[in-house]
1. Taking the range 99-195, which trypsin sites (Lys or Arg not before Pro) meet the DSSP loop condition and have no more than 13 other C-beta atoms within 10 Å?
2. Check each of the chymotrypsin sites (Phe, Trp or Tyr not before Pro) in the range 1-69 and keep only those in coil by DSSP with at most 16 other C-beta atoms within 10 angstrom; list them in order.
3. Taking the beta-carbon count within 10 Å as an exposure proxy, list Thr224, Thr118 from fewest neighbours to most.
4. What is the extension gain from Lys186 to Lys142, computed as 0.36 nm multiplied by their sequence separation minus the C-alpha to C-alpha distance, in nm to one decimal?
5. In deg cm²/dmol, rounded to 500, what helix-only [θ] at 222 nm does the chain give when every DSSP H run of at least 4 residues adds -39500 (n - 2.57) and the total is split over its residues?
6. Could you tell me which GluC sites (Glu not before Pro) in the range 38-86 are loop residues by DSSP with no more than 12 other beta carbons within 10 angstrom of their beta carbon?
7. For the charge dipole of the chain, defined by +1 on Lys and Arg C-beta atoms and -1 on Asp and Glu C-beta atoms about the Cα centroid, which residue among Gln235, Ser128, His73 has the Cα displaced farthest towards the positive pole?
8. Taking 8 Å as the Cα distance limit and 6 or more residues as the minimum spacing, I'd like the relative contact order of the range 103-230 as a percentage.
Amino acid sequence: MKLYGLIGYPLSHSFSKKYFTEKFNKEAIKDCLFELFPLKEVQGFPDLISNHNSLLGLAVTIPFKESILPYLHELDSVAQKIGAVNCISFVGSTMKGFNTDAIGFEQTFRPLLKLHHTKALVLGTGGSSKAVQYVLDKLNMKYLLVTSKSEKAIGTVGYNEIDEAMLNQYTVIVNCTPVGMFPNEKEQPAIPYQFIGKNHLLYDLIYNPLDTLFLQNGMRQGATVKNGHEMLLIQAEENWRIWNA
């Protein structure tokens, strides 16, 4: 039996097992199994690997997209530049990391862009944010990282610094945090939504629920909105391609 899976914690929000199980059935892919492997600590990763020696591929979700790197033997060039992985391929005893979040984000983000979308606010600084930053750099779009941490680096701002003047300039907002994700659907990033307008594009990497409060607020203000569902489908298929290359 060829084994694939997902590591992260928690995994109650994940669609991966359902998606791949249905894919195996629909496409008559035999002798393949996809399992969820919730890990509270990344230090449990070596034991997971030793206990499942038939693993051929793993998807990686929060909070391990960065902390998993020291456990891998290789990174592909894109994952190396990003500094985060969401896909691991097993070839013999070698574990190689890839980042397919960047592919999924770019393919679903680029078609939404208008001429006035020249600057972005990126909410969050984790592994998913790094994939988004990689794509924005590739598109030559200027951006600021928005963080709630008290010690801020150059190129970052706090949520309390976002005002009308800033939002008049930064017409793209990408939520890379889990704020608003199931089971915490009543939460939302703390930005002044009253200053959002029809020129804004709000992209939420969250896919459960499909319409987060972040996106609902954007829609009410006339903004273009996009959730993370299509991005997720693209990166899942790209993971499958990598695992079977």
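Every read-out reported here was derived from the displayed coordinates using simple, explicitly stated rules and does not represent laboratory data. This one's a predicted model, so the numbers in the text were calculated from it and none came from an experiment. Glycine also receives a Cβ, built like all others from the backbone with ideal geometry; neighbour counts cover every protein chain displayed.
1. Sparse-neighbourhood loop trypsin sites (Lys or Arg not before Pro): Lys114, Lys149, Lys186.
2. Sparse-neighbourhood loop chymotrypsin sites (Phe, Trp or Tyr not before Pro): Phe15.
3. With the fewest neighbours first, Thr224, Thr118 line up as Thr118, Thr224.
4. This chain segment gains 12.8 nm when fully extended.
5. Working: 8 runs with 74 residues, N = 245.
Helix-only estimate at 222 nm: -8500 deg cm²/dmol.
6. Sparse-neighbourhood loop GluC sites (Glu not before Pro): Glu41.
7. Gln235
8. Details: 232 pairs, mean separation 29.0, N = 128.
Worked out over the range 103-230, it gives 23 percent.
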